1. Taking only Cα atoms, what is the 0 to 90° angle, nearest 10, from helix 81-106's long axis to the longest principal axis of the chain?
2. Does anyone have the angle between helix 3-14 and the longest principal axis of the chain? Alpha-carbon axes, 0 to 90°, nearest 10?
3. Could you tell me what fraction of 2.2 N^0.38 Å the Cα radius of gyration of the chain comes to, as a two-decimal ratio?
4. Taking 20 Å as the cut-off for C-alpha to C-alpha distance, list the pairs among Lys71/Lys158; Lys8/Lys34; Lys13/Lys39; Lys5/Lys27 that go past it.
5. Under the rule of -39500 (n - 2.57) per DSSP H run of 4 or more residues, summed and divided by the residues of the chain, what mean residue ellipticity at 222 nm is obtained, to the nearest 500 deg cm²/dmol?
6. In whole angstrom, how far apart do the alpha carbon centroids of the range 69-110 and the range 152-167 sit?
7. Tell me the label-point distance for the pair Val162, Glu24, using the 7 Å Cα-to-Cβ offset, in nm and rounded to one decimal.
8. So for the range 64-147, taking the charge dipole from beta-carbon charges (+1 Lys/Arg, -1 Asp/Glu), which of Val132, Ile92, Val112 sits furthest toward the positive end?
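Any read-out appearing in this document is the output of simple, stated calculations on the displayed coordinates, not a laboratory observation. Predicted model, so just to flag it, every value in this text is computed and none were measured. So basically every Cβ, Gly included, is an ideal-geometry build from the backbone, and we count neighbours across all protein chains shown.
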Amino acid sequence: MDFEKLEKLAELKDKGILTQEEFEAQKKELLAVKETADKAVEKAVAKSAAKREAGEDLSVWAYFAECISEKYCCFTGRARRKEYFGFLLGYIVIDTVISFLLWALTQDIEIVLLGRGIVSLILLLPSLSALVRRLHDVDFSGWWILTVVVPLIMMFFKSDMVPNKYGDVPAGVR
């Protein structure tokens, strides 16, 4: 619920601008909006969970969206190859499109580099978390990310087909 709006309504009621009935009606309206939003979120989460339980794959773009929203800074668990490369593809597409647009609009390399730097900063944590989860999937500690070379090799390894200390086998891994 939007507590600021509720506080403003309470202030208006206390000042005598709103009657008790008007206050209650607007409060119910705020609650109804919140419940509708909560139901939509629950429905989307349930749909995603049902797909995973049924063994259905998410699309590459859905994996990217999941990495930058639900798993923005999630360093636990495992990420299969499709999830990692879906995130990587989305990152590359966004970086390329922004670079192209900035170059087309400004023709200034400094602005293009600044834009790419901002994209890199925004996507730094999701990039690291996706790579750490990918390392977990091949049964390596996330600390291997510090060696730089090992993750580049390990991200192509096939997933472990058994649960390991980092979690269960991701949905869809065969």
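1. Computed tilt is about 70 degrees.
2. Relative to the chain, helix 3-14 is tipped by roughly 10 degrees.
3. The value comes to 1.46.
4. Check vs 20 Å cut-off fails for Lys71/Lys158; Lys13/Lys39.
5. On the way: 7 runs with 115 residues, N = 174.
That calculation yields -22000 deg cm²/dmol at 222 nm.
6. Distance between centres, Cα-based: 23 Å.
7. Here the modelled spin labels are 6.4 nm apart.
8. So the residue furthest toward the plus end is Val132.
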